[in-house]
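The values are calculated or read from the model by the stated rules, or taken from the named source; none is laboratory data. From a predicted model like this one, the values you see are computed outputs, not experimental measurements. Heads up, the Cβs are rebuilt from the backbone with ideal geometry, glycines too, and the neighbour counts pull from every protein chain shown.
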Amino acid sequence: MRALILGKGVSGRGAAELLEKLKIGFEYYEDGDRPPELSAFDFAVKSPGFPPGHRLVRRVREELPLYGEVELAYRFMRGKIVGITGTNGKSTTTAMVYRCLEAAGRKAFIGGNYGVPASSFALETTPTSVSVLELSSFQIEDLTSFRGDVGAIINVTPDHLDRYPSFRDYLAAKLKIVNHFDFMVINGDDLELSGLKGDGFVRFSLKGRGDFRFDGTSLAGDGFRVEVGELPLKGLHNLENYLCAVAVLRLLGLEEEEIVRGLKEFRGLPHRTEFVGAVGGVRFINDSKSTNVDSVKKALLSFDKVVLIAGGKDKGLDFTSLAPIIKERVKAVVAIGEATSLIEKSFSGLVPVRRASSMDEAVETAFYLAEGEGVVLLSPGCASFDMFRNYKERGEAFKRAVKRLEESFA
């Protein structure tokens, strides 16, 4: 038996690792390679970076069984499976759920879009383990016979419009997740999700009207309650993440004390509104994971007197919707990357906008614009691929630039 793997990135390598363990031969294909002879293969595995309309993907579908990497892994996974998606917050919520399971002594795995391919640990799962998967819209598109236990949609706002023809197409890709889980946790405040109904649906709400809800001081629901002041992560977006995680964990059968212990131990992920340091009265916050407009908005809601560093590779998003919060909370904007002109056009006339050609220049410019108070916030709202390999490299560059600034003032 022999397989064709489309893509040699993280997902493709994960699929290859699983196939090697199963003693199944394979061959990689990447864009630019010579077209493969499909008759030489028994099936193909598609990395999520290959869109459904890709010419080779269409050919493969006509001639071979085609599996997404997560779909391939599912065929060898045992135990319970959780799948978490959303435009923003899915990595943090996935990590919260995983951390609480670990703190409760459960055997758990974390992966999917989180950076660890499900294929890499599929054979290690057991009948009593829980696999917690972060699922992107690209991965959900490729699910076919996949069936999990608890799924979740945290929110859906415009993103990836460089791949999808419209927001409705992106939304449809996200919503396909409801066909693949026995129970679904849904954000009851999200208008795009309001039409979803069914016996297996559980809702959370920041407005006090869900099965799991924020009542002004506490998170509560299904015999569960914890004071918000006891939890380490701040901001409305993290309350949303907490509620979603609690609902998922209760559906998995965890007790209140197990969940609370895990939530208190979880201190967040790097590059998500991460405090980096302070220089001359100015705090520096790394939110490099912010790659869309809604994530910028949620970050800005957590701070005042902000100098915003934004920009990168444009994904076809509309930044003008940020105008009210820019006027309310932002002192100035520093624009970086390919989207510099877009950022200038969107925010000029609202606040001062300056250009920077490097992260060091952006940090130094933002520091002086802050004038000794408030926050310098890296929340790009764009992909990183114009200047960096990924959002992690972008965030690390920001942290190094802040460190150099600190040293210059020592």
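Couple of notes before you dig in:
- Matching residues in region 264-278 - criterion: being surrounded by 17 or more Cβ atoms within 10 Å (Cβ to Cβ), under 19 Å from the mean Cα position of the chain (by Cα) and not small (Gly, Ala, Ser): PHE266, HIS271, ARG272, THR273, GLU274
- The condition of being hydroxyl-bearing (Ser, Thr, Tyr) and at pLDDT 95 or above does not hold for SER302.
- Residues satisfying the stated conditions in region 169-180, i.e. buried (at least 20 other Cβ atoms within 10 Å of the Cβ) and either acidic (Asp, Glu) or in contact with a strand residue (DSSP E or B) (Cβ under 9 Å, 6 or more places away or on another chain) (or both): LYS174, ILE177, HIS180
- Among the residues here, GLY198 does not qualify as assigned to a loop (DSSP other than H, G, I, E, B) and at negative phi.
- Exactly one residue among LEU143, LEU161 is at pLDDT 95 or above and either assigned to a loop (DSSP other than H, G, I, E, B) or within 19 Å of the chain's Cα centre (by Cα) (or both), and that residue is LEU143.
- Leading residue by the ranking (nearest to the chain's Cα centre (by Cα)) among those in region 42-60 that are within 19 Å of GLY14 (Cα to Cα) and buried (at least 21 other Cβ atoms within 10 Å of the Cβ): PRO48
- Listing of strands (runs of 3 or more DSSP E) fully contained in region 1-63 that carry 1 or more residues being free of Cβ contacts under 8 Å to residues at least 12 places away in the same chain and touching a strand residue (DSSP E or B) at 6+ places or on another chain (Cβ under 9 Å): none
- The residues on offer are ASP162, ASP211, and the sole one that is over 23 Å from LYS297 (Cα atoms), of a type in the set (Asp, Glu), surrounded by fewer than 23 Cβ atoms within 10 Å (Cβ to Cβ) and in contact with a Lys or Arg (Cβ under 7 Å, 6 or more places away or on another chain) is ASP211.
- Residue check for ARG13: more than 13 Å from TYR67 (Cα to Cα), crowded, with 16+ Cβ neighbours inside 10 Å, among the basic types (Lys, Arg) and outside the structural domain of GLY115 (by TED's automatic domain parsing): yes
- Residues of region 183-225 that turn out to be under 12 Å from VAL248 (Cα atoms), among the acidic types (Asp, Glu) and modelled with pLDDT of 95 or more, as a count: 1
- Some residue of region 227-237 being within 18 Å of ASP215 (Cα to Cα), part of a strand (DSSP E or B) and out of contact with any helix residue (DSSP H, G or I) (no Cβ under 7 Å at 6 or more places or on another chain): yes
- Residues in region 82-116 that are among the hydrophobic types (A, V, I, L, M, F, W, C) and part of a helix (DSSP H, G or I): ALA95, MET96, VAL97, CYS100, LEU101, ALA103.
- Helices (runs of 4 or more DSSP H) contained in region 287-390 and holding at least 3 residues farther than 23 Å from GLY235 by Cα: 340-347, 359-370
- Considering residues of region 88-110 that are buried (at least 19 other Cβ atoms within 10 Å of the Cβ) and in contact with a Ser or Thr (Cβ under 7 Å, 6 or more places away or on another chain) only, the residue farthest from LEU72 (Cα to Cα): ASN88
- Where LYS315 falls short, out of the listed (1) of a type outside the set (Val, Ile, Thr); (2) touching a Cys at 6+ places or on another chain (Cβ under 8 Å); (3) closer than 27 Å to ARG106 by Cβ: (3)
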